[in-house]
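Before any comments, here is the structure.
What follows draws every value from the coordinates through simple rules; no lab data is involved. The structure presented is a predicted model; accordingly, all values stated were derived computationally and were not measured. Note that we place each Cβ from the backbone using ideal geometry, even for glycine, and neighbour counts take in every protein chain shown.
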Amino acid sequence: MTRAEIIRHFNSDNSAELFAEADRVRLEYCGEAVHLRGLIEFSNVCARDCWYCGLRRSNRQIERYQMAPAEILAAARAAHQLGYKSIVLQSGENDCYPLGDLTSLIAEIKQDTDLAVTLSIGEKTAAQYAALKAAGADRYLLRFETSSEKIYQALKPDSSLKERLRCLSILRDAGFQVGSGIMVGLPGQSVETLAEDILLLEQLDLDMIGIGPFIANPLTPLKDAASGTLAMTLKTVALLRIITKNTHIPATTAMGSIDPQGRQKALSCGANVLMPNVTPTRHRQHYQLYPGKICLNDAPEDCLFCVEGMARSLGREIGKDQGHSYKIKGVKGAGRPG
Ligand code: SAH
C-alpha cells in the first residue's frame with residue numbers, strides 16, 4: 001500500500017470496508033485463535049523523562065516500587081498455574097536490577113514452566129540483550145513510538161530515534177522475536193507522519209506490533225494535550241494487519257481504557273492478541289502510564305476470566321500454545337525462513 005493510499009484511509013469517514021478486509025486477512029493468516037500474554041508490571045522505577053508517560057522520573061507524585069525477583073517469579077508461576085503459555089515482563093527503564101538477577105530470574109522461569117518470556121524493559125546494551133537472550137528470553141517489545149525525529153526529540157529527550165531503531169536491530173540480530181509499535185494521536189502527529197510510522201513498521205518486518213492511543217496524563221507536561229481517538233487507532237490496526245499480514249497485533253489495554261468496547265473492536269478489525277494484566281493487585285495502582293487504566297483493582301484470575309469471555313463473545317478461541325511468531329514458524333504469508 002502506498003503512502004497516499006494510507007493517508008486516504010486515514011482521511012475517510014467510512015472504515016467499514018477497511019475493517020472487514022482487515023478481519024478477513026487476520027482470519028486467513030492468523031486463524032481464529034486469540035493469543036494471551038500475561039503482563040507482569042514488575043517495577044515503575046524509571047530513569048527516563050518521556051513527556052507522555054506517568055512513570056517519567058520527574059513525576060514525584062507516584063509511589064515507586066520494585067518487585068523482588070522472588071515475587072516476580074511467584075507472579076510468573078501464578079500466571080502459569082492459571083493456564084498462561086506466555087508472559088511479558090515490563091518495567092520502567094532502570095538499572096535497579098543487576099543483570100545477573102534478571103538472567104537468573106528468566107532462567108528459573110524457563111526451568112519451572114513452559115512459558116514463553118517476553119521482555120519490555122527498554123534500551124540496553126548489545127551485551128545485555130545477548131545475556132538476556134542466552135538466559136532464555138524469547139521475545140522483546142520496544143516501541144519506537146513515532147517515526148518523526150522532530151516529535152521523538154520533543155517527547156523523549158533522553159534518547160534518540162536512531163538509538164531506539166539501533167536497539168531493534170540488535171535485538172533482531174540477538175535472536176529475539178521482536179515487537180515494536182507507536183502511539184496514535186501524539187502531539188504534533190499528522191496523518192502524514194502516521195503514514196510514515198506505518199511504512200516504517202512494515203519495513204522493520206516485525207514479529208509483533210503494538211499500537212495504542214496516546215492518553216494525556218495529568219501528571220505529565222502533556223496534561224492539556226488532546227488524546228488519540230479510538231477511530232484513528234483502529235484504522236492503524238486495520239492497515240497494519242492488511243499490510244503486514246501475519247504479524248501478532250494485540251488489542252491493547254490503552255484501547256480498552258478509552259472505550260469499554262475498545263479491545264473487542266480491535267479484535268474485529270485485525271488484532272489477534274490480548275495482554276491481560278497478571279501483576280499482583282497491590283502494585284497496579286502505581287503503574288499508571290496514563291489515567292483511566294482498566295483492571296486496577298482486579299486480581300490476575302479476574303483479568304483472565306474477563307478476556308476469555310471477550311474472546312468467546314466474538315466467536316473466537318483462546319490460543320492453546322505459546323503463540324510464537326507466525327513468521328518464524330513460516331505458517332503462512334511472507335515470513336522469514338527458519
Ligand atoms: N520502559 C519500557 C516500557 C514502556 S511502557 C520501554 O521504554 O519500552 C509501554 C508503552 O506504554 C510505551 O512504549 C508507550 O507506547 C506506552 N505509553 C506510555 N505512556 C502512555 C500514555 N500516556 N498513553 C498511552 N500509552 C502510553
| remark: Scalar couplings 3J(HN,Hα) for segment 104-114 by Karplus 6.51 cos²θ - 1.76 cosθ + 1.60 (θ = phi - 60°), nearest whole Hz, x for Gly and Pro, are 5, 4, 4, 4, 5, 4, 5, 6, 7, 9, 9
| query | Residue by residue through segment 167-184, which ³J(HN,Hα) values in whole Hz follow from phi under the Karplus form 6.51 cos²θ - 1.76 cosθ + 1.60 (θ = phi - 60°), with glycine and proline marked x? | reply | 4, 4, 6, 5, 4, 4, 5, 6, x, 6, 6, 10, x, 9, x, 9, 9, 9
| note | Zone reached by a paramagnetic label modelled 7 Å from VAL191 Cα along Cα→Cβ, restricted to segment 1-31 with backbone N below 13 Å, covers 3-15
| query | Looking at the chain, which Cys residues are left with no other cysteine's beta carbon under 4.7 Å from theirs? | reply | CYS30, CYS46, CYS96, CYS167, CYS269, CYS295, CYS303, CYS306
| remark: In terms of the alpha carbon gyration tensor, root eigenvalues a ≥ b ≥ c, rounded if a/c is under 1.5 and otherwise prolate when a/b exceeds b/c or oblate, segment 165-281 is rounded
| message | As a quick test, which of the pairs LYS110/LYS293; LYS162/LYS320; LYS162/LYS245; LYS133/LYS320 have an alpha carbon distance above 28 angstrom in this structure? | response | LYS110/LYS293; LYS162/LYS320
| remark: With +1 on the Cβ of every Lys and Arg and -1 on the Cβ of every Asp and Glu, the dipole magnitude of segment 36-191 about its Cα centre, in debye rounded to the nearest 20, is 380
| said: Between ARG312 and ARG3, what's the calculated FRET efficiency when r is the beta-carbon distance and R0 is 51 Å? Round to 0.05. | reply: 0.85
| Please state the Cα pair-distance histogram of segment 15-314 with 20 angstrom bins from zero: what percent is in each bin? | 35, 62, 3
| Label-reachable residues, segment 276-308, where backbone N falls under 15 Å from a point 7 Å from LEU200's Cα toward its Cβ | none
| remark: Residues meeting the amide H criterion for SER147 (H placed from the backbone, H to H distance under 5 Å, 5 or more places apart or on another chain) are ASP197
| note | Given unit charges at Cβ for Lys, Arg (+) and Asp, Glu (-), the dipole magnitude of segment 15-314 about its Cα centre in debye, nearest 20, is 300
| request: Sort ARG139, ARG48, ARG166 so the one with the fewest other Cβ atoms within 10 Å of its own Cβ comes first. | output: ARG166, ARG48, ARG139
| Whole-number percent relative contact order across the chain, with pairs defined as alpha carbons under 8 Å at least 6 apart | 24
| On full extension of the chain, what length is gained from PHE305 through LYS320, given 0.36 nm per residue of separation minus the C-alpha to C-alpha distance? | 3.9 nm
| query | Using r as the Cβ-Cβ distance of SER169 and ASN297, and R0 as 35 Å, what FRET efficiency do you calculate, to the nearest 0.05? | reply | 0.30
| remark: Along the dipole axis of the chain (charges at Cβ: +1 for Lys and Arg, -1 for Asp and Glu; origin at the Cα centre), the most positive-end residue among GLY100, PRO300, VAL273 is GLY100
| Proxy reagent accessibility, fewest Cβ within 10 Å first, across PHE214, PHE176 | PHE176, PHE214
| query | Applying the Karplus parametrisation 6.51 cos²θ - 1.76 cosθ + 1.60 with θ = phi - 60° to the phi angles of segment 25-41, what ³J(HN,Hα) value in whole Hz is obtained for each residue in order, glycine and proline being reported as x? | reply | 5, 4, 5, 5, 9, 10, x, 8, 5, 9, 8, 9, 10, x, 9, 10, 8
